[in-house]
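Some notes on the structure that comes next.
The values are calculated or read from the model by the stated rules, or taken from the named source; none is laboratory data. Keep in mind it's a predicted model, so treat the numbers as computed, not measured. We place every Cβ from the backbone using ideal geometry, glycine too, and count neighbours over all the protein chains shown. Areas reflect the complete protein model, heavy atoms only, side chains present, ligands, DNA and RNA absent. Shrake-Rupley method; radii C 1.70, N 1.55, O 1.52, S 1.80 Å.
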Amino acid sequence: MSETKAQIQQEEYHKLILGERVGYGLGDFAQNLVFGTVGGFLALYMTTVNAIGTGTAGFIFLFVRIINVFWDPMVGTFVDKRSSRAGKYRPWLLRAGIPLVILAALLFVPIPAVRGSVPFAFIVYFALDLVYSVVNIPYGSLNASLTRDPESIDKLTSTRMMLANGANLLVYTLFPMFVQMAAPKGRSLKDTGFFGLKLNMGTYTDASAGHAWFSVYLVYMVIGAVALFLCYKLTRERVVATAEQSAEVKTTDLFVELKNNRPLVILGLFFMLAFTFMFFMNTVNGFFNQYVVGHSEWMGAVGLIASIPGIAFPVFWPKLKKIFGKKGFFHLFIGMFIVGEILTWVWSLNGMHDALWLAYVSTFIKQWGLTSATGFMWALVPEVVSYGELKSGKRNAAIINAIMGLFFKIGFTLGGAVPLRFLAAFGFNETSATQHVHALSGINLTAIWIPVVLAVISMVIMQLYPISDKDVENINTQLDAKRAELKG
């Protein structure tokens, strides 16, 4: 029995090497290139370049994501019940990854016949959202399948978030700058905010910028496809359900997990709130820069500042967790996000729009808090999976990740659709270069104040999370004994 237990521990508590951590993180890198760009810029593109009304675009986002309430659990069950020689989760990175990047590129395709076509935008976005789940749920499940070593999981989370935020640098910093550099209308030499660097940049919210959007995004999709392939090649599944456990998986396990796995529900609510306020801010960020402060040419420079904490600082997350504790870690960084949002409001005031230093400071603090809180929360998912296995006897990694994905999609839905409804209600005019004061108030409300309120609520939710580091050790010890008994 002890020999069997030692073999299990040697395999399942494998210390991940840097190459394995980077390989897994490339999956986040790829998905952020694909879906980060969609989440951050599709609303702006759809309502300006593609000439679809703000209210209509909001309805498309809302309707499509509601479908995920039914779709994600089905995907989780399907994946958990099956396996192949290549693994249970890894193969889906390729099987669904290629269709994912093709559909994403089609969203920005500059074909005159489909410009402004609501059916075309709806169908492509609908298909993209469904396929994204078939990539994202197995990918998230792979996180809990690489190892059960807590130290490796913390380091893995830090590494993957550094790569995820490297992709965010390409998305939120360089993407809008590249598109403006390629946009043909209104080209002039503009100060980018990069320490005096000036570039010829056009208007990327004009219909003539369609080819600019597509050409830049196409390059991003090729890079994303390569990253997904490398993620597949450089990872290995070690902690997976037995054939008997897989055969017993049922769709109703979702309700069992929701009923019996209290940490899952609490973490899920935190996920939902975190992604809601993050996407509220991201959805309206382009509108804020274009219409409130009037410095869309600074988006690249400000985005560069925003990317620094997420790339440079995740290496310190495991140590900071030890210093402040699990809950203290989240409280600290959510508090920083709130401070950054308040400084962003100061930047929006008349007379402060040209204060580049304030844009830098507010964005740096805000993004440091946001990337840390929303990044490190992924380190809690494997322990929730193990807790569920201890309670139910089933390692429903994909179902649990489908549930987490469901909470994520709810947040993504609210954060992507509701802001557009707010902008429409406040009188945002898609065809006007300037906006009425009420529309500007609507942009500020959705970009600043609603995220602040939701961030405060998320701090309260995290305070209820019940699994401590000591609890993780006890859970693993009990699971080791059960697995050794089954194999012995």
- Note on the structure: Rounded to the nearest 10, the angle in degrees between the Cα long axis of helix 262-287 and the longest principal axis of the Cα atoms of the chain comes to 20
- Item | Distance in nm between pseudo-label sites at residue 211 and residue 259 (7 Å out along the Cβ direction from Cα) | 6.0
- Work out from phi, with θ = phi - 60° and the Karplus expression 6.51 cos²θ - 1.76 cosθ + 1.60, the ³J(HN,Hα) of each residue of the stretch 465-472, listed in order in whole Hz, and give x for Gly and Pro. 5, x, 8, 8, 5, 5, 4, 4
- Over 25 Å between alpha carbons, listed pairs 15/470; 319/391; 155/259: 319/391; 155/259
- Note on the structure: Length-normalised contact order of the stretch 17-163, Cα under 8 Å, at least 6 apart, in percent, tallies to 43
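Treating the beta-carbon of each Lys and Arg as +1 and of each Asp and Glu as -1, no other charges, what is the dipole magnitude of the chain about its Cα centre, to the nearest 20 debye?
Working: 39 positive and 29 negative charges, 104 e Å.
Magnitude of the dipole: close to 500 debye.
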- Order of exposure, largest accessible area first, which applies to 346, 292 with probe 1.4 Å: 346, 292
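Normalised by the number of residues in the stretch 193-339, what is the relative contact order in percent for Cα pairs under 8 Å and 6+ residues apart? Kindly include the intermediate steps, with their values, before the conclusion.
On the way: 22 pairs, mean separation 38.5, N = 147.
Computed over the stretch 193-339, the figure is 26 percent.
Under 10 °C and 1.306 mPa s, how fast does the chain diffuse according to Stokes-Einstein, given a Kirkwood radius computed over C-alpha pairs? Answer in µm²/s, whole number. Please report the intermediate quantities before stating the final value.
Details: Rh = 22.9 Å.
Rounded, D is 69 µm²/s.
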- Task: Treating the angle as unsigned and between 0 and 90°, give the value, to the nearest 10°, between the Cα long axis of helix 18-31 and the longest Cα principal axis of the chain.
- Result: 50
- Query: So, by mean Cβ neighbours within 10 angstrom, what's the order for 229-238, 463-472 with the highest one leading?
  - Reply: 229-238, 463-472
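Using the crude model of +1 on Lys and Arg Cβ and -1 on Asp and Glu Cβ, and no other charge, please compute the dipole size for the stretch 327-483 relative to its Cα centre, in debye to 20. Show your work: numbers first, answer last.
Details: 10 positive and 9 negative charges, 96 e Å.
Once rounded to the nearest 20, the dipole reads 460 debye.
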- Task: Just order 277-287, 293-303 by mean Cβ neighbour count inside 10 Å, highest at the front, would you?
- Result: 277-287, 293-303
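Given a 1.4 angstrom probe, what's the average accessible area per residue across the chain, in square angstrom?
Values: 18600 Å² over 488 residues.
Per-residue value: 38 Å².
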- Kirkwood Rh and Cα Rg combined as Rg/Rh, the stretch 296-351: 1.09
- Item | Relative contact order %, the chain, counting alpha carbon pairs below 8 Å whose residues are six or more apart | 28
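Carbon-plus-sulfur fraction of the accessible area of the chain, 1.4 Å probe, in percent? Present the calculation step by step, with values, prior to reporting the outcome.
Values: 12550 of 18600 Å².
C and S fraction of accessible area: 67 percent.
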- Top positive-direction residue, dipole computed over the stretch 130-271 with Cβ charges, set 136, 261, 207: 207
- Spin-label model distance (nm) - residue 433 vs residue 200, 7 Å beyond Cα toward Cβ: 2.0
- Helix 450-463 versus the longest principal axis of the chain: what is the Cα-based angle in degrees, 0 to 90, to the nearest 10? 10
- Note on the structure: Rounded to whole angstrom, the alpha-carbon centroid of the stretch 136-210 lies from that of the stretch 400-419 at a distance of 21
- Rounded to the nearest Å, the spacing of the alpha-carbon centers of the stretch 360-398 and the stretch 7-78 is 15
- Under 27 Å from residue 190, Cα to Cα: lysines that are on another chain or at least 8 residues apart: 198, 366
